[in-house]
Amino acid sequence: MKHEIKVKVRACETDGLGHVSNISYFIYLEEARVEFFRELGMPLNMEEWDFILASTSCDFKQQAYFDEVLTIQTSVWKIGNSSFHIEHQVQNERGLIATGKAVVVHFDFQKQCPTVIPDDMRWKLEQYYTSNEWKEERA
């Protein structure tokens with residue numbers, strides 16, 4: 001299963017060349033992650049927040065432009081003891097625009113260390129696990 005959101009490109013997200021600035025993609029991917037966490041029923045207030053972003057990347061496949069609607073699909077492709085890997089596909093009517101990856105760590109801010117992903121969270125993440133679905137595009 002994949003989580004999906006839509007983002008409309010604003011003028012301020014484009015650069016002097018007229019296409020979406022590379023930094024804007026990271027903002028889109030963050031929005032997709034937050035909405036993914038919301039869908040999973042995870043607390044979104046900072047007092048209960050228990051995640052850190054360990055790594056993020058984005059590969060650009062083609063340009064996107066002002067006023068286009070981008071669809072961002074998110075799935076989980078690896079679940080470890082204290083971290084999980086998610087993958088994003090950014091698409092529009094012209095096809096694949098970008099792919100993104102992130103490693104998210106379940107984190108205890110009091111102790112300042114990673115902690116084991118609770119069983120209920122692991123079960124929710126497994127609902128979005130796509131072991132081979134995007135494998136060809138990751139290679």
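Could you let me know the centre-to-centre spacing of region 105-125 and region 51-69, using Cα atoms, in angstrom?
With region 105-125 and region 51-69 each reduced to a Cα centre, they are spaced 25 Å.
Here are some pairs, 78/124; 78/111; 61/101; 8/78; 6/78; which of them have Cα atoms lying more than 21 Å apart in this structure?
Listed pairs above 21 Å: 78/111; 8/78; 6/78.
Restricting attention to region 48-139, which trypsin sites (Lys or Arg not before Pro) occupy a DSSP loop and are surrounded by at most 13 other Cβ atoms within 10 Å?
Of the trypsin sites (Lys or Arg not before Pro), the ones in loops of region 48-139 whose Cβ has at most 13 other Cβ atoms within 10 Å are 94, 111.
Between residue 39 and residue 93, what is the spin-label point distance in nm, taking each point 7 Å from the Cα along the Cα→C-beta axis?
The answer from the label model is 2.4 nm.
Rounded to two decimal places and with Rh computed the Kirkwood way over Cα pairs, what is Rg over Rh for the chain?
Answer for the chain: 0.99.
Distance in nm between label sites at residue 85 and residue 57, each 7 Å beyond Cα in the beta-carbon direction?
0.9
Just so you know, all these numbers are worked out from the coordinates, no wet-lab data involved. In this text, all values refer to a predicted model and were calculated from it rather than measured experimentally. Neighbour counts are summed over all protein chains in view; Cβ atoms, including those assigned to glycine, are modelled from backbone coordinates with ideal geometry.
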